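Worksheet: one structure, shown below.
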Amino acid sequence: MLLLKGAAQVVTPPASDSPLTGDMMGRVELHTRSDVAIRNGRIVEVGRKLDYPDAEVIDARGKVVVPGFVDPHTHLVWAGSREHELEWKLQGRSYQDILADGGGILRTVKETRAASEEELREESLHRLRNATRYGTTTIEIKSGYGLQREDELKQLRVARWLGEQGLAEVVSTFMGAHAFPPDSSRSEYIEQIEEMLPEVAELAEYCDVFCEEGAFTTNESRRLLEAAREAGMGLRIHADEFGDTGGGTLGAELKVASADHLSGSSMATIEALRDAGVTGILLPGTPLALLESKFASARKMVAAELPLALATDCNPNCYTESMQLVMQLAVFRMKLTPGEALTAATLNGALALGRSNRGAIASGWRADLLVCNVPDYRHLTYHFGINHVETVIIGGRIANA
Ligand code: NIG
Ligand code: FE
């Protein structure tokens, strides 16, 4: 039993089993000078002067308690790094040009294939610890730096192992369709991915495809996602990162769990996604790391009542584990309000990963909670660039990251 005592504010999106949209997205509940009681991994109650004599007490006076962050889009398992590509980007080279030249994803594929499972575990664990220290309590992790059976499986096994470390809980996604490997033709590789599906479906809950010019066409993406659905997997899509190239529309057609990026989506695509019940996952770290100024049209999406979540996209191109930074970028560059950013970083992300009863602070909900050293929740997106998270509670236990 744990008791968070005397928090200046306990702030949460209202508990809901469907994502919050429109005006509801920013309407967080605020309990002042309150306690949170936790038993057996669940929240018992929120209230003033709660009395549980047997509980271990955490002093939260002058601090803010919020739900743990959910990061629903990362590529956390990789080997090597690409700091040299930042210099190329500074010289004006584009992401797609670097990829077409064997850099980008393909550079990381080389390094990830060459790494042993043990090395991959160690590099990835370091990042998972960072994510947890910065408040992430549930994290989605994609494969996609193997691009051949044994190395995709290696990445997924590492993701499963990461989920067993008592840090952020892991949700796994197979993303063999991240790029085309240099060693086979387009059609051969599409067939290879289809052959991998029964085996990867044992390790991954979702399948994701990078549907974009320079990556997988809409027809290739449709074929693969339909096959993945057939294999029993949930679906996600990387869509409209650079322009409205059909990925968002395909996501709506297939009613995927989430369509991610959406910086280039048109109003018609945004409305189609909303009508299909798809959550848009926005990744503002990506245009930042690409030295671009085009961020997703979040205000238009909120007005259109498209459910939104936020994620880091943590990968060797956009290298951050911090959901706090992502929330700050969402406010500074996409004009979400602090309350909308909190909802998008918690409840809406959890639901986009098919997880209910987490991402809000309510009786009976999973006790994933953060004690933040700020006087008001709005400081999470006002005072930027430092880590405000002091204590991370995952499933009712203090995480030791
Ligand atoms: O979501 N766009 C495709 N995949 C990742 C980038 C991966 C990489 O550059 O290594 C993304 O941005
Ligand atoms: Fe991504």
Could you let me know the centre-to-centre spacing of the range 322-354 and the range 18-64, using Cα atoms, in angstrom? 19
Using helices alone, what [θ] at 222 nm do you get for the chain, with -39,500 (n - 2.57) per DSSP H run of 4 or more residues, divided over all residues and rounded to the nearest 500? -10000 deg cm²/dmol
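Report in % the part of the accessible area of the range 70-352 that belongs to carbon and sulfur, leaving out ligands and nucleic acids; probe 1.4 Å.
About 48 percent, which is the carbon plus sulfur part of the accessible surface.
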Hey, got a sec? Which chymotrypsin sites (Phe, Trp or Tyr not before Pro) in the range 351-396 land in a DSSP loop and have at most 14 other Cβ atoms within 10 Å? Tyr382
For the range 70-352: relative contact order, % (alpha-carbon pairs under 8 angstrom, 6 or more apart): 18
Looking at the chain as a GNM with Cα springs under 10 Å, which of Gly166, Gly135, Gly248 has the largest mean-square fluctuation? Gly166
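With loop defined by DSSP as not H, G, I, E or B, and exposure as at most 10 other Cβ atoms within 10 Å, which is the longest segment of the chain clear of exposed trypsin sites (Lys or Arg not before Pro)?
Details: sites that count: Arg48, Lys49.
In short, 50-401.
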By how many nm would the segment from Arg42 to Glu164 lengthen if fully extended, with 0.36 nm per residue of separation less the alpha-carbon distance? 42.0 nm
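How much of the calculated P(r) for the chain lies past 30 Å, in percent of all Cα pairs?
Details: 29291 of 80200 pairs.
Value for the chain: 37 percent of Cα pairs lie more than 30 Å apart.
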Estimated FRET transfer efficiency when R0 is 35 angstrom, pair Glu292-Val57 (beta carbons, to 0.05): 0.15
Give, in nm to one decimal, the length gained when the segment between Asn387 and Arg113 is fully stretched (0.36 nm per residue of separation minus the Cα-Cα distance). 95.3 nm
For the range 126-280, rounded, prolate or oblate, judged on the Cα gyration tensor with a ≥ b ≥ c (square roots of eigenvalues), a/c < 1.5 rounded, else prolate if a/b > b/c? oblate
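Under 1.5 on a/c is rounded, so check that first for the range 307-401, then, if it is not, pick prolate when a/b is larger than b/c and oblate when it is not; a ≥ b ≥ c are the square roots of the alpha carbon gyration tensor eigenvalues. Could the numbers behind the result be given before it?
Numbers: a/c = 1.39, a/b = 1.25, b/c = 1.11.
The shape class here is rounded.
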What number of lysine-lysine pairs in the range 1-160 show an alpha-carbon separation below 26 angstrom, given a sequence spacing of 8 or more or placement on distinct chains? 8
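The values are calculated or read from the model by the stated rules, or taken from the named source; none is laboratory data. If you're wondering where the values come from, they're calculated on a predicted model, not measured in any experiment. As a convention, Cβ positions derive from the backbone with ideal geometry for all residues, glycine included, and neighbour counts pool all protein chains shown. With ligands, DNA and RNA removed, areas are computed over all heavy atoms of the protein, side chains included. Shrake-Rupley method; radii C 1.70, N 1.55, O 1.52, S 1.80 Å.
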